[in-house]
Amino acid sequence: MSESTMKVMQEKDLRKVTSSQKAVKIAVQFMLYAFLILMAIIIIFPFYWMLISSVKSLSEYRLSVPTLFPREILFSNYVEAFNQANLGRLFLNTLYVGLVSTLLSLVITVLSAFAFARLEFKGKNTLFALLLATMMIPGELFTITNYATVNAFGWMDSFTVLIVPFLVSVFYIYLLRQNFMQIPNELYLAAKVDGTSDLKYLWKVMIPLALPTLISITILKMMGAWNSYVWPRLVANKEEYRLITNGLRNAFTESTGDVNIPVQMAAVAIVSLPLFLVFIFLRKYIMKGVSRSGIKG
Amino acid sequence: MVESKHPWKAWIYLAPAIVLLLIFTVWPIINTVRMAFLEGYSSMSAVGGMQYNFGFGNFKQVLQYKDFLSCLTNTMLLCVLTVPISTILALLIAVCLNAIRPLQRLLQTIFFLPYVTNSIAIGMVFAAMFNMVGSAFGSENEIVITAGIINNVIEFFGGTAVNWINAGSTYWANITVMVVYIVWNALPFKILILLGGLQSINKQYYDAAKVDGTSRRRVFTKITVPLLSPMLAYVVITGFIGGFKEYSSIVGIFGDDMGPTGDPRRLNTMVGFIYDALANKQGRASAAALILFGIIFVVTMINLYVSKKKTHY
Amino acid sequence: MKKILLATLLLLALCFNCVSMVACNNSNVAPEFEMPEVGYDGSEVTINFYHTMGANLREVLDAYIVEFNKLYPNIHINHQQVGSYDDVRDQIKTEITVGNQPHIAYCYPDHVALYNLAKAVVSLDDLIASDLEVTRADGTTETMGLTDEQIADFIQGYYNEGKQFGDGKMYTMPLSKSTEVLYYNKTFFEANNLTPPTTWDEMEALCEKIRQIDPTCIPLGYDSEANWFITMCEQYGSPYTSATGEHFLFDNDTNRNFVARFREWHQKNYVTTKELSGGYTSDLFKAQDGTRSYMSIGSSAGATHQRPDKVNDAYPFEVGITTIPQVDPANPKVISQGPSLCIFKKANQQEVIASWLFVKFLTTSVEFQAEFSMVSGYVPVIKSVGQNEVYKNEFLDKANGGDFIAALSAKVCLEQEAAYYTSPAFNGSSTARDQVGLLMQKCLSADANGDVAAMIKKAFEDAVAECKYQAD
């Protein structure tokens, strides 16, 4: 498969194409698409499942033999989702927390990754190793201590408590550091000779070059706000700070304790739509690539 | 790398991250270590005024657990199987996506969809695909109501249905399902990262290769992979770290019992053990976490050592 | 490499240094409750109440908070849904460590055992026994504690659940309860001249008969394996657990024998369970074609899930509900489930008293209990609800196996009021429950390699060992 991929990469530049080469080309293209489409179907399946579940009735959803296509399509789930949960509020809260924490987190991540990738200082490798080591302990163990900490800070029931504790992610610092290290060092040396300041270099050269990775981080961080559940429930249970997942779980729990998942899925689909559109927009930047952004090595 | 004229400058860049990490990560870790060495520590009883002795009792209890070895084997096995498979698949998909013209936008969009899919939906799909509903499966007078979508496909192609996850299923059938599920779960993230990494490779390298008339295989092995190697190293190393912490995916398929009906805890992992203990045996959970830390640490060192040799920066 | 090693050593050294600094930091235990001489002094307090109520139940609760505030305008009730029962437990468990726990919470007995490790729950005995008079805003008075009539009005099995903690003290008040009932396909039973079984022996004979009528069916589905095991222990009078002394007593001959018997049933396709069948057994019960079952033992609160979907505007069959089979029908035993309320210790004793007044209001108000039951499908905890006009006329009297199936279920539950039992609660009782459920699954389905008794013996020993390890 790898060989065929390269074939395609060069395809457009082959000046003369003989008929046998043409046949190979078509075969390769076919395999390539077959592979991608197969993987796409596998990957899209849960998304499809979310959509069909959102229009099923609760009793159809609970069937032990699930239906692949709903027997009857209930758009009433969407109406109910809209009416029951305070979707607007939940959405705005989540958007606010998502945007602020993404923004702050990007700044911190970029600065740290730059220090690790380009600057030289004593104890750098030791510090980096320590950072990596913190990833190796299951984070669930931190909850009780962090709860005591934010309580001591008086941060209970605020947006601060939802944003600040998770601003730093070693996971992303590491990712961006790797990406920065992909950028040839000669660029930095040249900038130094020109007398460009580190910050300017970072802003003008590194960030544009690492844009695809930064956007990946943005997407992951935003989705983090969308999916977080345990921590927000623990520290900010007041209506005015409630985030989407907590709000949805609470809104669609039946009196017997069963969650009305079809309605919940409908609500998720509603609030995911704007997010999805933003991602489609950002995708362009991920795919744009370096050569087209006009920076020469 | 260049020696900066102001070595303190680096620390300013790092200051925000370090301060936050000290408060919200390092401090909890210190607490974890403390709890690990207080014998029989439970945060509830501690509030109630119970005192604890300092010692290695928690570690001893963890190691004495009758299923400790099975937790460890499951963890390692899943890690060793899923990380390479998901990395290679993600690399292939990313490279292919980068190489096609028609349908490119549509396919890319599809590979983005997992990010807006609710996590509950992901768990449900798998249960539906592998679950077999019926009774007394495996005995002579079995009654099978549905064999699940995967088995329907297998039967369509003339195979016999496999009991994947239900009562009486084999260990390797369970592991196969877990590997497929974990790989599937990990793919979107890895594709995203590698796609981003691919886009950071300067097209001039390819142009140069073209001028030289380099073969495709050589372009892939000599340009794409080396230039992508920092990202590949990242994906593999973080994959291993995450893989050793595997837990929620198993609960997603097998429920809290972490095993097929009739054989609970068969697929229990280290973090599964930690979770159980975390309910009221925080000392024991912390000790297990430190043991796990030791294992991950050694593996990561090996990974770093290998990747340092192979990574091209 | 060297540096990384060094770094870790450094980190560990740092940790050890701090151990001594933080070794004793927790002292958030609230003071023991002591009844002030004046009782409730009318002071302004805000009471936090955690529960798991869905939107429809919160509406009922809100309506009765308004009623309560007519009597006690200075007691502000601030209630919130905190996800599931487990979520409530985990939330409070964390909050107790810094003294942030609510005043009142939905609880199961094992939750209270956990909170009590931190000595966080108020024992209700002094409050219940108090004969202080409390003056209410409308000029009337009430006794702080419970009168003998009020205590007698509680369904005894439910009330006694609050005393299952081994120290003889009362820690919880029942709010609303459910149990297990036997749902059966009444239409099928009548067509084939069958009667619902009252004993397990009758059940066995009935299953055989039904298998002859419909050879592809599994006559009985039992949703919860754990409930099945615990209920059988109770019906046989054989030990299960104890709140004091040796906790895990369920490894005995009687228990091994009934498990072996049910294993045979399972192999003859007489019975299946939720885990063994891979889905809710109510799905088999409701099924119109293929493999189906004609009886289902499940939660009384889930009656509507046992009702088949309408076909052409009519239910395909009528559902009958009755008490589950017994070992000794003269001495019936059925499980009691569903939320109780517990009150947490607070520095301000007025908050504790205000919490009690509210708990007392919810658990003894006939109107609230009636309405809560009608909306939720749970059973009221006081008997006099059965005589309530609205509850009787609008609910119980309309009971049938179709549209009013929830009422039918409640009716059956109220009629068997003498049969409710509760299991001892201690730190580790939920582990025992989990383990016997898993034990049932294993013993019914596992390959015995020819020696069933040995397999069952080993499974019991493993379950006890696991319980002991978790509780140790």
*How many partner chain Cβ atoms sit within 10 Å of a residue's Cβ in peptide C:445-452, on average, as a whole number?*
3
*Hey, how many Å between the Cα centroid of the stretch C:211-268 and the Cα centroid of the stretch B:157-199?*
36 Å
*For chain C, what is the relative contact order in percent, using Cα pairs closer than 8 Å and at least 6 residues apart in sequence?*
23 percent
_Could you identify which residue out of B:THR170, B:THR82, B:THR214 has the top mean-square fluctuation in a GNM of chain B using Cα springs shorter than 10 Å?_
B:THR214
*Report the equivalent ellipsoid semi-axes for the stretch A:116-273 in whole Å, largest first, defined as the square roots of five times the eigenvalues of the gyration tensor built from alpha carbon atoms.*
40, 20, 14
*Contour excess over end-to-end distance, with Cα ends at C:GLU44 and C:ASP447 and 0.36 nm allotted per residue*: 138.7 nm
*Using alpha carbon coordinates only, what is the Rg to Rh ratio of chain C, with Rh defined as the Kirkwood radius?*
1.02
*In deg cm²/dmol, rounded to 500, what helix-only [θ] at 222 nm does the protein assembly as shown give when every DSSP H run of at least 4 residues adds -39500 (n - 2.57) and the total is split over its residues?*
-18000 deg cm²/dmol
_Based on alpha-carbon centroids, what's the gap between the stretch A:196-231 and the stretch C:310-368 in Å, whole number please?_
52 Å
_Vicinal HN-Hα couplings computed from phi for the stretch A:156-173 (Karplus, 6.51 cos²θ - 1.76 cosθ + 1.60; Hz; Gly/Pro x)_ = 3, 6, 7, 6, 3, 5, 7, 9, 4, x, 10, 5, 8, 10, 4, 3, 7, 4
*Please give the net charge around C:PHE33, taking every other residue with its beta carbon less than 12 angstrom from that of C:PHE33, where Lys and Arg add +1 and Asp and Glu add -1.*
-1
*Dimensionless Rg over Rh [the protein assembly as shown; C-alpha; Kirkwood]*: 0.98
*Please list, in chain and number order, the residues 5+ apart from C:ILE77 or on another chain whose amide H is under 5 Å from its amide H, with Hs placed from the backbone.*
C:ILE47
*Sort A:ASP157, C:ASP138 so the one with the fewest other Cβ atoms within 10 Å of its own Cβ comes first.*
C:ASP138, A:ASP157
_Lys, Arg +1 and Asp, Glu -1 on Cβ, resulting dipole of the protein assembly as shown about Cα centre, debye, nearest 20_ = 7840 debye
*Give the residue from C:ALA453, C:ASN192, C:ILE353 lying farthest towards the positive end of the charge dipole for chain C; charges sit on Cβ (+1 for Lys and Arg, -1 for Asp and Glu) and the dipole is referred to the Cα centre.*
C:ALA453
*Which of the aspartates and glutamates could be linked to C:LYS310 by a straight reach, that is with a Cα gap under 16 Å, when you skip same-chain ones fewer than 8 residues away?*
A:GLU60, A:GLU72, C:ASP283, C:ASP289, C:GLU318, C:ASP403
*Where does each of C:442-451, C:294-303, A:230-239, C:264-273 land if you order them by average Cβ count within 10 Å, highest first?*
C:294-303, C:264-273, A:230-239, C:442-451
_C:ALA330 versus C:THR199: modelled label distance in nm, points set 7 Å from Cα along the beta carbon direction_ = 1.1 nm
*Peptide-level mean, for C:90-97, of C-beta atoms on other protein chains within 10 Å*: 5
*Rg(Cα) of chain A divided by 2.2 N^0.38 Å?*
1.27
*So what are the ³J(HN,Hα) numbers for the stretch C:172-188, from phi and the Karplus equation (6.51, -1.76, 1.60; θ = phi - 60°), rounded to whole Hz, Gly and Pro as x?*
9, 10, x, 9, 8, 10, 9, 8, 9, 10, 9, 8, 9, 7, 4, 4, 5
_B:GLY148 long-range amide H proximity, modeled H, under 5 Å_ = B:VAL133
_I need the calculated FRET efficiency for the pair A:ALA190 and C:ASN69, taking r as the beta carbon distance and R₀ as 51 Å, to the nearest 0.05._
0.10
*Mind giving me the FRET efficiency for A:ALA27 and C:GLU264? R0 is 56 Å, r the Cβ-Cβ distance, nearest 0.05 is fine.*
0.40
*Proximal lysines relative to A:LYS22, as straight alpha-carbon distance under 23 Å, when same-chain residues fewer than 8 apart are discounted*: A:LYS7, A:LYS12, B:LYS210
*Please compute the net charge surrounding C:GLU208, taking Lys and Arg as +1 and Asp and Glu as -1 over other residues with Cβ under 13 Å from its Cβ.*
-2
*With labels modelled as points extended 7 Å from the Cα through the Cβ direction, what inter-label distance (nm, one decimal) is found for C:GLU37 paired with B:VAL211?*
10.1 nm
*asked:* Using the Karplus curve 6.51 cos²θ - 1.76 cosθ + 1.60 with θ = phi - 60°, what ³J(HN,Hα) values do you get for each residue of the stretch C:214-220, in whole Hz, with x for Gly and Pro?
replied: 10, x, 9, 8, 10, x, 10
*C:LYS468/C:GLU394 FRET efficiency (R0 45 Å; Cβ-Cβ; nearest 0.05)*: 0.35
*Return the subset of A:LYS238/C:LYS346; B:LYS190/B:LYS222; B:LYS281/C:LYS345; C:LYS93/C:LYS169; C:LYS345/C:LYS468; C:LYS163/C:LYS346 for which the Cα-Cα distance in this structure is over 25 Å, preserving the input order.*
C:LYS345/C:LYS468
*Environment charge at C:ALA370 (Cβ cut-off 10 Å; Lys +1, Arg +1, Asp -1, Glu -1)*: -3
*Which far-off residues, 5 or more places away or on another chain, put their amide H under 5 Å from the one on C:ILE343, with H placed in the peptide plane?*
C:VAL122
*Shielding by partners for B:31-41, please: the mean number of other protein chain Cβ atoms within 10 Å of each residue's Cβ.*
5
*Among the aspartates and glutamates, which have Cα under 17 Å from the Cα of C:LYS333 when same-chain residues fewer than 8 positions away are ignored?*
C:GLU161, C:GLU180, C:ASP201, C:GLU202, C:GLU225, C:GLU234, C:GLU415, C:GLU417
_Please list, in order, the residues from the stretch C:278-316 whose amide nitrogen is less than 20 Å from a point placed 7 Å along the Cα→Cβ vector of C:ASP403._
C:303-316
*Of the DSSP beta bridges with both residues in the protein assembly as shown, give the percent that are antiparallel, rounding to the nearest 5.*
60 percent
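Where a number appears in this text, it was derived from the coordinates with a stated rule and is not lab data. The structure displayed is predicted, hence computed values, not measured ones. Virtual Cβ from ideal backbone geometry, glycine too; neighbours counted across all protein chains shown.
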